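Reviewing the structure listed below.
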Amino acid sequence: MNSLLRIAGIIFLSAGVILTFKPHFFGKFSTPPDAYQIIEKRARWGMLIGLGGFMLFYNNWISGGPIITALLASLTAGIIIARLAGLVVDGFFIKQLYWLLIELAALLIFGILFWKQTH
């Protein structure tokens, strides 16, 4: 089962990275997109990066609390990675920086909750 989760994690992580850099792969935008909309679409695909990372690196499947907080932390980390990629590729927007700071605060909260549950 562990190797099956790792294989699925590699698939999700790879798909997330590919779709982060090609956000219009599965569909075109209905209107001509601006860079802000493209970054938002990239951030959505970041959840695949987080899910893949969670499946690859999490190995304590005994209790439910740490599983949920680890999943939330890894999903948030994936979104942060995708948003940073969007900021590098598409340009810098102050509104995107605000979203990034909110996501970093959420990641910090999830990390602290995970740490408290495991120690």
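Across the range 69-119, what is the number of residues that are under 16 Å from the mean Cα position of the chain (by Cα) and in contact (Cβ under 8 Å) with a residue 12 or more places away in the chain? Number of matching residues: 28.
Listed here are the helices (runs of 4 or more DSSP H) enclosed by the range 3-119 that have at least 2 residues being surrounded by 13 or more Cβ atoms within 10 Å (Cβ to Cβ) and among the aromatic types (F, W, Y): 35-57, 94-118.
Readers should treat all values here as calculations from the given coordinates under stated rules, not as data from a laboratory. This structure is a prediction, so every number in the text was calculated from the model and none was measured. For neighbour counting, all protein chains shown are included, and Cβ atoms are generated from backbone atoms with ideal geometry for every residue, glycine included.
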